[in-house]
Amino acid sequence: MTSDNEPMLLRVHEVARLLGVSDETLRLWRKAGKFIAPVGGPGHPRWRRSDVLAFIEGRTYSAAPEQSIESHLDDDLITAAAHFGLV
């Protein structure tokens, strides 16, 4: 249950902040199918807070149910390291 001042639908930057990643990382996860689908229309993605919290707790994945959030974070770190020529 959310309080009156907590939105039921979250925007990109709100979801990214909950996940501890940048907006761009969240966009990349969406594009790669590593994050749950938004409920908003094109150009205005929104996520149910309950869905995002379930994702964080490891209960819901759109692309690979067997993966944990740690594996998503590992993938993101590897991508970032490759971008900077570290791997």
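A few comments on the model shown:
- Other residues whose C-beta falls under 10 angstrom from the C-beta of P45 contribute a net charge of +4, scoring Lys and Arg +1 and Asp and Glu -1.
- Derived scalar couplings ³J(HN,Hα) [region 10-27; Karplus, 6.51 cos²θ - 1.76 cosθ + 1.60; whole Hz; x for Gly, Pro]: 10, 8, 3, 5, 6, 5, 4, 4, 4, 7, x, 10, 7, 4, 5, 4, 4, 4
- Note that region 40-56 has calculated 3J(HN,Hα) couplings of x, x, x, x, 9, x, 9, 10, 5, 4, 5, 5, 5, 5, 5, 4, 4 Hz, one per residue in order, obtained from phi through the Karplus relation 6.51 cos²θ - 1.76 cosθ + 1.60 (θ = phi - 60°); glycine and proline are x.
Throughout, read-outs are computed from the coordinates displayed, never taken from laboratory work. Given the structure is predicted, the values throughout are model-derived calculations rather than measurements. Don't worry about glycine lacking a Cβ; one is built from the backbone with ideal geometry, like all the others, and counts go over all protein chains shown.
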